[in-house]
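Taking it in order: structure first as structure tokens, then the write-up.
None of the figures in this text is laboratory data; all of them are computed from the coordinates on show. Please read these numbers as outputs of a predicted model, since none were measured by experiment. Virtual Cβ from ideal backbone geometry, glycine too; neighbours counted across all protein chains shown.
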Amino acid sequence: MPNDPGTIQTMIELYPWLRLAPPVAAITLAVAFKDVNFALLLAVLCGCLLLADFNLSATVDGLCDLFVNVVADADHASVILFTILLGAMIGLMNDSGGTDAVVNRIAAYANTRRKGQVLTWLAGVVVFFDDYANTMLIGGSVRPLTDRLKISRAKLAFLIDATAAPIAGLALSTWTAFEIDQVQLGITEAGMTAAAGEVFLATMPYRIYPIVAIIIVGTIAFSGRDFGPMLKAERRCLQADSHEQNKGDKVKTGSMWTAIIPVGVLIATVVGLLFRYYWLGTSESGTELSTGEGNAWWAEVDAYRLLLVTALSASTAAVICGISIGKMTLAEASESWANGITSMIPAIIVLVLAWAVNSVCSGDNLNTAAYIISLIGESVRGEFLPVIAFITAGAMAVAIGSSFTTMGLLIPLFIPLSNAVLGNGPDGLCANDPVFLATIGAILAGAIFGDHCSPISDTTVLSSAAAGCNHLDHVGTQLPYAMLIAACSLLFGYLPIGFGLPWWVALPLSTAMCIGAILVFGTEPTEEAETLESRLAAKSE
């Protein structure tokens, strides 16, 4: 991007808060105008103006270069193709009647709102290998059922979004290699001798936010209780004369195998590719995941290539099944395939805009993350390290819209910082310190929390698209739940852990307080309708 480095440096030195201008503008304008595309575009323009020192010609050139680079990025292109191909698969599953056939079969068991929500939650837990795949697959497959049960699209988006990243962050998934690699970088920087894989596994019970989030989503699904904007969204959905979200949808009942086989191919392809990476990696290195270099085979996994091959295989299977089993003509299958792709265009637009904001805020440009890190201060008490790490990670993920970038920046920074503050030398003793482990766990957890709150997060965008929900409606209805879980994680988890409370007390305590809040403040959306009906009946008598 064309710019004058000297001028930019001077502006940043004089007005360091300008580093925050694009993400703050994106969030503020999105809330003010209820239009996320407009808000993100203006945020990108704001960043380009700053980088070009308000030179209009340079701003236009920089804007064009920025979008070209964002789309040309190999990882971004893979995500776009993955989204397109999975959208095509879902379109074929719907138009061949397979999705409706599966819904009809499941509806015999998931015939209530609670059962429908529990089914969605369980499906999200089962598809643990990647957050993108989880979001797109579960959202597209379950949406016809939740529509039939009059579960709002906002609630569906919450159920899949609040499960996808947490389960991918905790399980053996496409996140694992990256996370272990960042831990290794931090350990190397600190001069420690601890094994990265062992440290990574030891942080599991300290990832309070994602653990509590998964449990709370299940609690909400089982109890049927909601509060705040989500409760209003659920009541609007229930009180509608007909489910407005189904208008214009094609409804065709066919063979459920036209839906089951493509999904089965998707899952089998993921498992097969992971096994291939494992077989090749372990046969060459002879190592295991939990040892020092034990993530050798897992580090070779190209997550984006895996997703792309998986989506291509599943989409191809959907075409074959639609023609051979669903009795579709080639022209009909092509039309459904194209319609499925078209349905993903709004999500892709938001994704590209969100990536553009991320690029503007990156270290090569405004370096927003460095400014946020500088706000931490030089003097930090060891007891507050987990709290500071969680808040910093959450704020950064909200601002830049990327949990991966947040983890990549903060983990290598906080490991040496924690090692120094806690008074341990390079002999690795710090790796066994609960506060040290809680600090790393807090970063991994805080990044997911920030993702859940950020309107420019790619996973949040995909969740809205998969659920067919207005993006700002999804962010607004999910935010109170994310804030509740974060508050309980901080007050009853990371803060007391810093002062010596063991994780096996802090984690259940955080979970219990969060569940208690849901049960006390939450209300079933059907209660108001039932009360209204009883009042009308009483008046008529």
### Query
Over 24 Å between Cα atoms, which of K150/K327; K115/K327; K150/K232 qualify?
K150/K327; K115/K327
### Query
Under the Karplus relation 6.51 cos²θ - 1.76 cosθ + 1.60, θ = phi - 60°, what is the ordered set of whole-Hz ³J(HN,Hα) values for the stretch 266-274, x standing for Gly and Pro?
4, 5, 5, 5, 4, 4, x, 5, 5
### Query
In whole Å, what is the distance between the alpha-carbon centres of the stretch 78-105 and the stretch 174-222?
32 Å
### Summary
Taking Lys and Arg as +1 and Asp and Glu as -1, residues besides M204 with C-beta under 12 Å from its C-beta add up to -1
### Message
Quick check: net charge around M483, other residues with Cβ under 15 Å of its Cβ, Lys/Arg +1 and Asp/Glu -1?
### Response
-3
### Query
Could you give me the ³J(HN,Hα) list for the stretch 182-195, computed from phi with Karplus coefficients 6.51, -1.76, 1.60 and θ = phi - 60°, whole Hz, x at Gly and Pro?
5, 5, 4, 4, x, 5, 4, 4, 7, x, 8, 10, 5, 7
### Task
Grab the other residues whose beta carbon is less than 12 angstrom from that of D458, score K and R as +1, D and E as -1, and report the net.
-4
## Note on the structure
If amide H atoms are modeled at 1.01 Å from N in the peptide plane, then the residues at a separation of 5 or more from G228, or on another chain, having amide H under 5 Å from its own are none
### Message
Spelling out what I want: for every residue of the stretch 473-485, take phi, set θ = phi - 60°, compute 6.51 cos²θ - 1.76 cosθ + 1.60 (Karplus), and round to whole Hz; glycine and proline get x.
### Response
4, 5, 4, x, 7, 7, 3, x, 5, 4, 5, 4, 5
### Summary
Under the rule rounded for a/c under 1.5, else prolate if a/b exceeds b/c, else oblate, using alpha carbon gyration tensor axes a ≥ b ≥ c, the stretch 161-207 is classed as prolate
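Please state the shape class of the stretch 17-150: rounded when a/c is under 1.5, otherwise prolate if a/b exceeds b/c and oblate if not, all from the C-alpha gyration tensor.
The shape class here is prolate.
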### Query
So, by mean Cβ neighbours within 10 angstrom, what's the order for 340-351, 511-522, 157-168 with the highest one leading?
157-168, 340-351, 511-522
